[in-house]
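The structure appears right after this line, and notes come after that.
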Amino acid sequence: MKIGVMGAGAVGGYFGGLLAKSGVDVRFLVRPARAAQLKKEGFAVRSVHGDFSIDPVVTTSIADMEDVDMLLLAVKNYHLSDALPDLIALTQKGVVLLPLLNGVKHMDLLKSVIDPGHLLGGSCYIEVTLDGRGHIVQTSDIRDLVFGPLKEALSVRKDLPDLLMRLQDVFTNAGLPGLLHQEIMREMWKKYVFLCAFSGVTASTRAPIGVTASTPATRRLYQGLVEELLAVAKARDIGLAEHMADVMMKRLEQIDPAMTSSLHRDLEKGLPLEIDSLQGALIEMASESGISTPWHQGVYAVLAPYRGGALSAKK
């Protein structure tokens, strides 16, 4: 199986790097600046699961992705609209798209323009970032990846189950806990509930999750975010378990207290923030269902000055 990766940042670089290390034919589609950095600094990963480096196949031309079987989409949500014409063209040529973006609203956009037989749902749980040299730093035991077909896809593409099993084998052979789920949108919402609350408290407090867990007032903020997320999920008939709120609060006690979110890391680095696809998307979906979201609106308001990066807050 040939796999393309659009974006060799932290997430795309880590998962694509592991696949390449295992012998999979992987190509990375990157911007010219990232291509130059990789050429100068090399492609290196520092991970709690073991350090490694590879000699990657890197391109800046979308034409080099036309014959891949699967494309892992690992760009930031705020870059999705720019990538959309290329994604449409690739899927029309037979490429299957596996997006690993944060949140869930991007799936509405992708489903509106891409044939369901060439679009999977996907999500990942991983704490990973880039250091000053552009090397990938993965810092916690969690590195789970889930994927699966959209419900409407199985009726339009009969060979999809075989393709999914092949992809499962590719992930397994690379040592990745890649799990195939038939109810992938439900799994994506499970991650969204966790990530939206987790990123909201870590970014707004500018501190790892342990600060939230040990501070009663901030624990209440986390709980309020979870409750709003679950109310919207229920309104959209996602089918999450009734005891999900209890699960989320117990999980708060089990997380490594030093763990933080990419939203918090991006805030510290002065990079643009994905609040529109995380907290902002929840506010939008809640409004459509007539649900009040004071906790999310508060977090969004605190982070909004930094939405476009550190420079945007100074304007």
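The values are calculated or read from the model by the stated rules, or taken from the named source; none is laboratory data. Just so it is clear, the structure is predicted and the values come from calculations on it, not from any experiment. With ideal geometry, Cβ positions are generated from the backbone for all residues, glycine too; neighbour counts draw on all protein chains shown.
At a glance:
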{"quantity": "Which listed residue is at pLDDT below 90 and aliphatic (A, V, I, L, M), from V137, V146, V170, V156", "calculated": "V156"}
{"quantity": "Test result for G94, loosely packed, with under 14 Cβ neighbours inside 10 Å and assigned by TED's automatic domain parsing to the domain that holds L19", "calculated": "yes"}
{"quantity": "Total residues in the stretch 245-270, condition in a helix (DSSP H, G or I), within 13 Å of R206 (Cα to Cα) and not acidic (D, E)", "calculated": "6"}
{"quantity": "The stretch 203-226, residues that are under 25 Å from S287 (Cβ atoms) and either among the polar types (S, T, N, Q) or touching a residue at least 40 places away in the same chain (Cβ under 8 Å) (or both)", "calculated": "A203, S204, L221, Q223, G224, L225"}
{"quantity": "Selection from the stretch 128-156 of residues that are among the hydrophobic types (A, V, I, L, M, F, W, C) and loosely packed, with under 13 Cβ neighbours inside 10 Å", "calculated": "V156"}
{"quantity": "In the stretch 91-104, the residues that are touching a Leu at 6+ places or on another chain (Cβ under 9 Å), assigned to a loop (DSSP other than H, G, I, E, B) and under 15 Å from L195 (Cβ atoms)", "calculated": "L100, L101, N102, G103"}
{"quantity": "Selected residue (only one of L230, L271, L267, L263 is within 21 Å of the chain's Cα centre (by Cα) and farther than 21 Å from V75 by Cα)", "calculated": "L230"}
{"quantity": "Cβ-Cβ under 7 Å pairs, at least 6 apart or on other chains, the stretch 230-243 side under 11 Å from M185 (Cβ atoms), far side in a loop (DSSP other than H, G, I, E, B)", "calculated": "A233/L240"}
{"quantity": "Among residues of the stretch 235-244, those that are assigned to a helix (DSSP H, G or I) and either within 17 Å of Y125 (Cα to Cα) or within 22 Å of the chain's Cα centre (by Cα) (or both), counted", "calculated": "1"}
{"quantity": "Residue in the stretch 155-164 that is among the small types (G, A, S) and touching a residue at least 12 places away in the same chain (Cβ under 8 Å) present", "calculated": "no"}
{"quantity": "Verdict on K21 being within 16 Å of M70 (Cβ to Cβ), of a type in the set (D, E, K, R) and over 16 Å from the mean Cα position of the chain (by Cα)", "calculated": "no"}
{"quantity": "Residue match in the stretch 188-200 (condition: of a type in the set (A, V, I, L, M), loosely packed, with under 15 Cβ neighbours inside 10 Å and in contact (Cβ under 8 Å) with a residue 12 or more places away in the chain)", "calculated": "no"}
{"quantity": "Among the candidates F194, F198, residue that is out of contact with any helix residue (DSSP H, G or I) (no Cβ under 6 Å at 6 or more places or on another chain), in the same structural domain as L303 (by TED's automatic domain parsing) and farther than 19 Å from E268 by Cβ", "calculated": "F194"}
{"quantity": "Verdict on H49 being in the same structural domain as L160 (by TED's automatic domain parsing), surrounded by fewer than 23 Cβ atoms within 10 Å (Cβ to Cβ), closer than 26 Å to G309 by Cα and not basic (K, R)", "calculated": "no"}
{"quantity": "Which numbered condition E268 fails, given (1) assigned by TED's automatic domain parsing to the domain that holds I291; (2) crowded, with 16+ Cβ neighbours inside 10 Å", "calculated": "(2)"}
{"quantity": "Any chance D82 is assigned to a helix (DSSP H, G or I), among the acidic types (D, E) and surrounded by 14 or more Cβ atoms within 10 Å (Cβ to Cβ)", "calculated": "no"}
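For every residue, the table says whether it meets (1) farther than 28 Å from D276 by Cα; (2) assigned to a strand (DSSP E or B).
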{"residue": "A89", "(1), (2)": "no, no"}
{"residue": "L120", "(1), (2)": "no, yes"}
{"residue": "T139", "(1), (2)": "no, yes"}
{"residue": "V146", "(1), (2)": "no, yes"}
{"residue": "V156", "(1), (2)": "yes, no"}
{"residue": "L176", "(1), (2)": "yes, no"}
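Table: residues versus (1) exposed (fewer than 14 other Cβ atoms within 10 Å of the Cβ); (2) modelled with pLDDT of 95 or more; (3) not aliphatic (A, V, I, L, M).
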| position | (1), (2), (3) |
| --- | --- |
| G224 | no, yes, yes |
| A258 | yes, no, no |
| M285 | no, yes, no |
| K314 | yes, no, yes |
